[in-house]
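Structure first, commentary second.
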Amino acid sequence: MKLRILVAVAIFSAGLIASESDNPGRGKKPDKDKPVPATDVVLVKKLTSKGRPASPGGGKPAKGSTATGVLGQQVTGNRYAVVIGISDYPGTVNDLQYCDDDAEAMSTALGVYGFTGVTVLENSSATRGEILAAIEGLVSQVGSDDEVVFFFSGHGANGVASDGDDERIDEAIVVCNNENTGLTYIWDGELRDAFSDFATSRIIFIFDSCLAGGMQQDLQGPGRVIAMAAGEKGYSYETDALQNGEFTYYFVEEGILGGKANIHDYNGDGETQQPAQVTVEEAFDYCKSNCKLDKPCVGDYFGEDLLP
């Protein structure tokens, strides 16, 4: 069945490149009220498919699977998360359908894993200020034995931003401005700086947005896993048939909550059907095998398989 895809790309210009003195630089926390200056900013919208994707691949691991089948050290401390889904952007032209559903699915999955400190920001609540404040609020709480998840579903963007990294082209997540009157951006270098002071290295980033692959260079680090719905130049999709982002549906709804990604018997007891035993790598492999519109990619720096 043919897919009827709504594609829209809007181009914005957001001021002049800052002087070196205005550049936040590495390690300096992003300003919750003032986005960094950027030029040549392109908003790349998540695409909405009105048709049904081709039949899924049945859950078999993709060629070159991320999961090793060896379970890494499990978290011994507390679990925290910031979960963001924006379907209702200010105005109507940038609205999506299922990103808030993606956030709710992820929040439910985190509950399965025993996460207790979960901040969910949806639609008008997902402002630049609230998102950065939620991350900042965790810094003093999170210890070296704890774990953090950052999930985002919404639009992506790229441009030339003064965000303190060495990239020629930067990527961003598109969020609501603090007045809820328009859009603004949190750039990859800003996210890097926001997460730079966490005591734990065990951080999982999940992006269901266009251009998500561009986040990897700034966010990579030992102990981290970065799961992305698309490459640095790719699109992400949501579908009416799945009523989710395609990436989130297979990663979370079927992969984790449905237990379909639970391929490896890590405990050696023949049991592979408990949703709580699905590792991040298994969920990604299942997602990649089943996505027909998205082209997921991953940066896995944990070493073995990470069970949240």
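Read the figures in this text as sums done on the coordinates, not as results from a lab. Since the structure is predicted, the reported quantities are computational estimates derived from the model, not experimental observations. All Cβ positions, glycine included, derive from the backbone under ideal geometry; neighbour counts span all protein chains shown.
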Once you order the gyration tensor axes a ≥ b ≥ c over the Cα atoms, which shape class does region 120-265 get: rounded for a/c under 1.5, otherwise prolate or oblate by comparing a/b with b/c? rounded
Which one is right for this structure if log10 I(q)/I(0) by the Debye sum over Cα atoms at q = 0.09 Å⁻¹ is calculated from it: (1) -0.40; (2) -0.45; (3) -0.56? (1)
Simple label model, 7 Å out from Cα along Cβ direction - residue 166 to residue 40, nm: 1.9 nm
Calculate, in nm to one decimal, what residue 241 and residue 257 gain on full extension: separation in residues at 0.36 nm each, minus their alpha carbon distance. 3.9 nm
Expressed in nanometres to one decimal, the distance between label points 7 Å along Cα→Cβ at residue 31 and residue 295 is 3.7 nm
Rounded to the nearest 20 debye, dipole of the chain from Cβ charges on Lys, Arg, Asp, Glu: 840 debye
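Tell me the mean residue ellipticity at 222 nm calculated for the chain from its helices only (DSSP H runs of n ≥ 4, each -39500 (n - 2.57), averaged over every residue, nearest 500). Don't jump to the answer; show the numbers that get you there.
Values: 5 runs with 48 residues, N = 308.
Rounded to the nearest 500, the figure is -4500 deg cm²/dmol.
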Per-q log10 I(q)/I(0), region 109-161, q = 0.12, 0.27, 0.32 Å⁻¹ (Debye; single scatterer per alpha-carbon; no solvent): -0.36, -1.25, -1.37
Roughly speaking, what is the stretch gain from residue 181 to residue 271, that is 0.36 nm per residue apart minus the C-alpha to C-alpha distance, in nm to one decimal? 27.3 nm
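Just the number, please: percent antiparallel of the DSSP beta bridges in the chain, rounded to the nearest 5.
Working: 27 of 55 bridges.
Antiparallel bridges make up about 50 percent of those DSSP assigns within the chain.
As a test, work out the antiparallel percent of DSSP beta bridges whose residues both lie in region 164-308, rounded to the nearest 5. Intermediate results must be reported in sequence, preceding the final value.
Numbers: 11 of 15 bridges.
So the antiparallel bridges amount to about 75 percent of the total.
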Using label points projected 7 Å from each Cα along Cα→Cβ, tell me how many nm separate residue 201 and residue 97, to one decimal. 4.3 nm
